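Okay, structure first, notes after.
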Amino acid sequence: MATTVTLPSGATANLRDVADVTERQRRPIKRIQSKLAALPTFVTAVQEAEAAQKVSGGALTAEQQLSIAAGMGEAFDLLESLNDFLIVAVVRGWSYEFPVDADHVQDLPTRDLDQLREVCATYLKELMPNFEPTPDTASPTAPSAV
């Protein structure tokens, strides 16, 4: 079932069900995630963020966020693109006068963009392929050791 979100500016965005996201919409997200996973600076930044969250018991301070972002280099730009393409994949339409595409995501008011990023982030895990082993007894190959 599609969802309508009212953004801080009063504009609205209509979100797709995750099952309605097409492979054409999903493919740029998968490409960017592969690039991120191959960047040592990204892996290090994720580890630093996880460690800082454990110490703080939750959200990172603005100073911690800036420190981690400063060390990300190219990964920071890739994350921005990932978020833009995620919004394009999830948002079916919005009340703005311009189309839903990666170029126009940057034309959104900052508070609206921040809210859309937060809402759309919940879709990310469901859009990624599941590479977990399945203990299917009908499989022609033996399950991998878990």
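The values are calculated or read from the model by the stated rules, or taken from the named source; none is laboratory data. The structure displayed is predicted, hence computed values, not measured ones. Note that we place each Cβ from the backbone using ideal geometry, even for glycine, and neighbour counts take in every protein chain shown. To get the accessible areas, we keep the full protein, side chains included, count just its heavy atoms, and leave off ligands, DNA and RNA. Shrake-Rupley method; radii C 1.70, N 1.55, O 1.52, S 1.80 Å.
Structure notes:
- Listed by first and then second residue, the pairs linking a residue in segment 1-14 that is without any contact (Cβ under 8 Å) to a residue 24 or more places away in the chain and farther than 13 Å from ASP114 by Cβ to a residue that is among the hydrophobic types (A, V, I, L, M, F, W, C) and open to solvent by less than 60 Å² (accessible area, probe 1.4 Å), with Cβ atoms under 8 Å apart and 6 or more places separating them unless they lie on different chains, are THR3/LEU15; THR4/ALA13; THR4/LEU15.
- Filtered residue count, segment 1-17, keeping only those that are more than 11 Å from ARG92 (Cα to Cα) and under 18 Å from the mean Cα position of the chain (by Cα): 1
- Selection of segment 37-57 for residues being of a type in the set (Ser, Thr, Tyr) and either surrounded by 12 or more Cβ atoms within 10 Å (Cβ to Cβ) or touching a residue at least 12 places away in the same chain (Cβ under 8 Å) (or both) yields THR41, THR44.
- The residue of segment 114-146 that is modelled with the highest pLDDT, among those that are exposed (fewer than 10 other Cβ atoms within 10 Å of the Cβ) and either on the phi > 0 side of the Ramachandran plot or among the hydrophobic types (A, V, I, L, M, F, W, C) (or both), is ALA138.
- Qualifying residue in segment 14-36 (condition: over 20 Å from TYR123 (Cα atoms), open to solvent by less than 50 Å² (accessible area, probe 1.4 Å) and modelled with pLDDT of 75 or more): no
- Cβ-Cβ distances below 8 Å connect the following pairs, each with a first residue in segment 60-79 that is free of Cβ contacts under 8 Å to residues at least 40 places away in the same chain, a second residue that is of a type in the set (S, T, N, Q) and loosely packed, with under 15 Cβ neighbours inside 10 Å, and a separation of six or more residues or different chains: LEU60/GLN53; GLN64/SER56; GLY71/THR41; GLY71/THR44; MET72/THR41; GLY73/THR41; GLU74/THR41; ALA75/THR41.
- Qualifying residue in segment 97-106 (condition: touching a residue at least 40 places away in the same chain (Cβ under 8 Å) and open to solvent by 60 Å² or more (accessible area, probe 1.4 Å)): no
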